[in-house]
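FYI, it's all coordinate maths here, none of it is from the lab. Remember, it's a predicted structure, so these values are computed and weren't measured experimentally. Here the Cβ positions follow ideal geometry from the backbone for every residue, glycine too, while neighbour counts run over all protein chains shown.
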Amino acid sequence: MRVLRLKNPPSVIGCASVVGGKEHDGPLGADFDLHDETGTFGMDTWEKSESEMQRLALNLALAKGKCGDDVPEVIFAGDLMNQCTGSAYGLLGFCKPYFGLYGACSTFAEATVLGSLLISAGYFKNAAAISSSHFCSAERQFRFPLEYGGQRAPTAQWTATAAGAAILSASGNGPYVTEVLPGMIVDKGINDVNNMGAAMAPAAIDTLTAYFAETGKQPRDFDLILTGDLGLEGHAITLELMKERGYDMTDVYNDCGLLLYGRSSQDVHCGGSGCGCSASVICGHIMKRFAKGELKNILYLATGALMSPGRLKQGATIPGIAHLVRISAEKNGWEG
């Protein structure tokens, strides 16, 4: 069995989202806690800017959750930079036990899965899940210097300048993480670095198929099924192939990469991507919808492309992964 039902579901007691100007100008702009039009956050390098986003996001989440100095007991965090330096430098001053994670764009879900499992098992009373990405730091590492001015392919996605932080706790009034499904690495032979959606969609399909098969649930049992970040291309692939498997998600399925930007007005091609994309959407837009009572039961699965520039230059294909988190307004939300 891959689906893990949490006996003691942790509650999200505080969350915050920090974004750049482009993200704030998108359709979800009003749902984010803090933004900087310049994307620098007062720093003199893009890498420092990303670290500052994580620091700000965690501080805001702790303040919103009215947390004391003993929270969080542990931090699970990651980003797209080599050795997760965005997280390490940004969270250094908190002086808390720290696990640096790399799951590419799936990192926030990975952090939430690990934190929730350890809280449910009683090893920690609370934990922080955090991830971030920055358009400029990611472009420098994975593609070209910005000054290069290379043309982007139609299937390319825009790396979000964003960070999200959530405080998970053994106590609280919800929403709750009630089930998780850790993803498996899936590689279907995609080697186009400009089409991450196609590379990651097979992992999303594998995770969703496993969840529905094991639980007996159907897409209609959820208010929303949300991937992050497959973009337009990956969203279409997932929708079509899941329907072929007998799971029609047409009425409930969306993607964080499609929600974050206005595709027709912001020139992001297939939508958003990056560790901060789904983190900011979940910690901003989605949690506000839970607070308003608009959502009561969702499946969130973040997808990641587990590749590096070096391996791609050697002709390697792009493995993908998708970790699933079920978020419910009720503590026994799996019954609904």
- [ ] Using a 10 Å Cβ count of at most 10 others and DSSP loop calls, identify the longest part of the chain lacking such trypsin sites (Lys or Arg not before Pro).
- [x] 67-291
Task: Dipole magnitude of the stretch 192-336, debye to nearest 20 (Cβ charges: Lys/Arg +1, Asp/Glu -1, about Cα centre) - done: 360
Open item on the list: Relative to 2.2 N^0.38 Å, what does the C-alpha radius of gyration of the chain come to as a ratio? Two decimals please.
Closed with: 0.90
Task: Pair ALA121, LYS96: separation of 7 Å Cα→Cβ label points (nm) - done: 1.9
Task: Between the stretch 1-77 and the stretch 154-193, the Cα center-to-center distance that results, in Å - done: 14
Open item on the list: Using Cβ counts within 10 Å as a stand-in for footprinting exposure, how do SER49, SER132, SER278 rank, fewest first?
Closed with: SER49, SER278, SER132
Open item on the list: Please flag any cysteine in the chain that has no other cysteine's Cβ under 4.7 angstrom from its own Cβ.
Closed with: CYS67, CYS84, CYS95, CYS105, CYS136, CYS256, CYS270, CYS275, CYS277
Open item on the list: Suppose a student asked you for the relative contact order of the chain, using Cα pairs under 8 Å spaced at least 6 residues apart; what percent would you report?
Closed with: 26
Task: Kirkwood hydrodynamic radius (C-alpha pairs) into Stokes-Einstein, the stretch 4-169, 10 °C and 1.306 mPa s, D in µm²/s - done: 98
Open item on the list: Cross-link candidates for LYS96: which aspartates and glutamates have Cα within less than 16 Å, leaving aside residues fewer than 8 places away along the same chain?
Closed with: ASP69, ASP70, GLU73
Task: Violating pairs (Cα-Cα greater than 20 angstrom) within the set LYS7/LYS331; LYS7/LYS243; LYS188/LYS217; LYS125/LYS331 - done: LYS7/LYS243; LYS188/LYS217
- [ ] Please state, as a whole number in µm²/s, the translational diffusion coefficient that the Stokes-Einstein equation yields for the stretch 176-330 at 37 °C and 0.692 mPa s, with Rh defined as the Kirkwood radius across alpha carbon pairs.
- [x] 209
TODO: For the stretch 18-82, run through the chymotrypsin sites (Phe, Trp or Tyr not before Pro) and keep only the ones in DSSP coil with at most 16 other Cβ atoms within 10 Å of their Cβ.
DONE: none
